[in-house]
Amino acid sequence: MAGGIWRTAVSGLILVLLMPRDTSLMKAQSTEPPKLCYAFLKGNTFQASDLYVTCGAEHERITKVGDIYDFAVAADESVLALERRQGTEKGPGEHGHPTPDREFKIELVSLKPGFERHWSALPATGPVEPLYSYCGSILAVDRQRQHHPPPAKDIYKIDNVLTGQPFSLPPYVAFGCSEDGKTVVGLLDVDAADLWLGLPPERKIARSSPYGIYAYGISPNGEYESYESEEGLCVGRDGECSGLTRFGVGATKISVSDWGGVLYDDGTAKTCAGWECIGVFYWKAGMHQPQNVEPVGWFAQWITPEVADALRAWSKGEARL
């Protein structure tokens with residue numbers, strides 16, 4: 001599947017949940033809203049894109065520079081993070097892709113009136129660090145090769161984009177949590193990537209795929225989780241797979257809503273510039289099969305109509321995005 005292009009870079013950290021929690025902190029919506037709203041990327045697949053918003057029948061391009069590699073909106077709806085390319089391309093490279101002479105920086109945009117913009121305190125990076133709306137913040141996740149001290153091994157480097165500081169939850173090496181921070185799911189080992197639940201880890205909810213690390217996701221209120229298994233894409237509560245679709249194996253990022261709707265990207269079996277098109281799919285338990293809501297697009301995240309309005313207002317008020 002084309003969705004597996006970034007499996008090692010992206011799939012390492014999407015999440016699930018489960019644990020007692022204070023429901024007074026949740027902004028839960030248990031039923032599907034009348035108007036579905038989400039943001040996603042579209043452009044040069046996994047290379048350089050722009051941010052788009054779909055809200056019901058309305059569809060709008062938010063940025064127009066074509067330099068976005070990833071994004072995330074904080075669960076409290078206060079800030080947008082954009083991973084932007086800095087630098088230039090230096091001609092054809094492997095498989096016809098440009099050879100990069102560039103770095104990536106993360107821009108933070110307030111979604112409050114005034115739309116203040118500034119760069120994250122995190123230093124610019126060479127490789128792309130995928131962004132996730134986790135744990136009441138936005139996390140940058142990078143799986144990298146550590147050579148010192150020997151022996152060389154793979155590690156996860158996780159940073160809080162909003163504070164510029166490292167973020168960890170031992171004994172997990174990669175993890176995610178609900179907006180209130182009371183539900184935790186993740187990996188205990190980089191290579192033996194079984195999916196565990198609880199802090200401390202209480203039980204294994206999915207085994208590692210022989211093809212790589214599972215993609216997984218969690219709703220902000222901690223009520224629903226979705227994860228990829230060899231059987232397909234699961235969605236449910238408390239680590240149980242109450243709905244299963246055979247579609248979606250190969251997803252790179254998963255977004256789960258507070259009412260159990262799942263957005264993910266996958267190949268569409270159609271051709272885009274010589275490659276299989278990547279599209280955005282919507283699915284929830286009870287549907288016969290997923291719905292391809294965006295013929296071309298990736299890295300979708302559920303947002304509220306209020307966030308969609310804020311993004312449109314920001315876009316209209318900026319000369320260069």
Summed residue charge, Cβ within 15 Å of residue 243's Cβ, Lys/Arg positive, Asp/Glu negative | -4
Ratio Rg/Rh, restricted to segment 144-186 and using Cα atoms, in which Rh is the Kirkwood radius = 1.06
Determine, for each peptide in 199-205, 229-235, 299-305, the mean count of other beta carbons within 10 angstrom over its residues, then list the peptides with the highest first.
-> 299-305, 229-235, 199-205
Tell me which residues come under 5 Å, amide H to amide H, from residue 298 once H is placed; ignore anything under 5 positions away on its chain.
-> 41
When a footprinting reagent is the concern and you count Cβ atoms within 10 Å, what order do 277, 272 take, fewest first?
-> 272, 277
Burial-style ranking of 162-170, 252-260, average other-beta-carbon count within 10 Å with highest first, yields 252-260, 162-170
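Every number in this text was worked out from the coordinates using simple rules, so none of it is lab data. Given the structure is predicted, the values throughout are model-derived calculations rather than measurements. All Cβ positions, even for glycine, are placed from backbone atoms using ideal geometry, and neighbour counts span all protein chains on display.
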